[in-house]
Amino acid sequence: MRNPLRSEDEAFRFLIVVIVGAVIVVVAAAINTWVGVAAAILVVGGVSWWYWSRPSARPVPIAVRTTEPDVHRILVIANETVGGRTLRDELERLSGGRPTEILVVAPALNSPVRHWVSDEDGARAAAGERVQRSVARLAEGGLAVRGEVGDGEPLQAIEDALRTFGADEIVISTHPEGRSHWLEQGLIAEARRRFSAPITHVVVDLAAEGDESR
């Protein structure tokens with residue numbers, strides 16, 4: 001089932017709002033039953049208004065390219081799977097031997113609490129190490145690639161990258177179903193709805209790849 005909340009940050013914010021609303025209702029009910037009923041109605045109405053008044057995601061324009069029109073450009077968004085062999089093989093297939101430029105973006109994965117208190121140094125450092133390893137491996141295969149650390153929310157990371165990188169297509173790499181928070185959040189469907197560039201979903205099973213290499 002697709003999560004109606006578009007990101008972990010949004011889900012965490014919704015949880016805080018619900019908890020605060022519940023506390024208000026309990027306190028009001030302790031004062032007077034009818035005061036509690038009135039508070040419950042106001043809280044439910046406020047939460048409903050917040051949920052339905054959220055701005056809808058609009059298609060994000062892709063940066064217009066002014067140079068090298070014959071170069072095929074691929075934007076890659078990947079979490080821990082960024083160094084997976086399956087992803088590398090798929091990028092080599094998509095490049096098809098033609099001139100290709102690849103931008104690998106690794107979102108700075110962080111917990112909602114750390115994100116809210118702006119404690120992102122560790123997440124960005126870990127993402128930086130992952131993307132450096134991935135770029136090095138892809139470059140060894142002869143691909144023109146560069147990497148960067150993106151926003152912790154993958155949709156925002158894609159949007160940020162598209163504003164400066166005129167991608168012809170987007171590749172999103174995730175863990176398999178059941179082990180991927182991104183898939184639980186409906187990331188692939190939401191990205192396809194929000195962005196006009198073609199999107200390829202690559203599933204990387206790092207555990208299986210590790211077993212095969214032994």
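The values are calculated or read from the model by the stated rules, or taken from the named source; none is laboratory data. Everything numeric in this text was worked out from a predicted model, so none of it was measured. Cβ: placed from backbone, ideal geometry, glycine included. Neighbour counts: every protein chain shown. For accessibility, only protein heavy atoms count, side chains too; no ligands or nucleic acids. Shrake-Rupley method; radii C 1.70, N 1.55, O 1.52, S 1.80 Å.
All other residues whose Cβ lies under 14 angstrom from that of E90 are scored, Lys and Arg at +1 and Asp and Glu at -1, for a net of -1.
If R0 is 30 Å, the Cβ-Cβ spacing of R98 and A208 corresponds to a FRET efficiency of close to 0.50. Largest accessible area first, the residues V44, V35, V25 order themselves as V44, V35, V25 under a 1.4 Å probe with ligands, DNA and RNA left out. The residues neighbouring R137, those whose beta-carbon lies less than 10 Å from its own, together hold a net charge of +2 under the Lys/Arg +1, Asp/Glu -1 convention. The accessible area of S95, taken with all protein chains in place and a 1.4 Å probe, comes to roughly 10 Å². Using a probe of 1.4 Å, the accessible surface attributed to H201 totals some 60 Å² when neighbouring protein chains are kept in position. Annotation: extensible slack from H181 through A22 equals 54.5 nm (criterion: 0.36 nm per residue apart, minus Cα-Cα distance).
Kindly rank 123-132, 78-87 from highest to lowest mean number of other beta carbons found within 10 Å of each residue. Spell out each step's value before the answer.
Numbers: 123-132: 17.9, 78-87: 21.2.
Sorting 123-132, 78-87 by mean packing, highest first, produces 78-87, 123-132.
Computed with a 1.4 Å probe on the full set of protein chains, the accessible area for R192 sits at about 130 Å².
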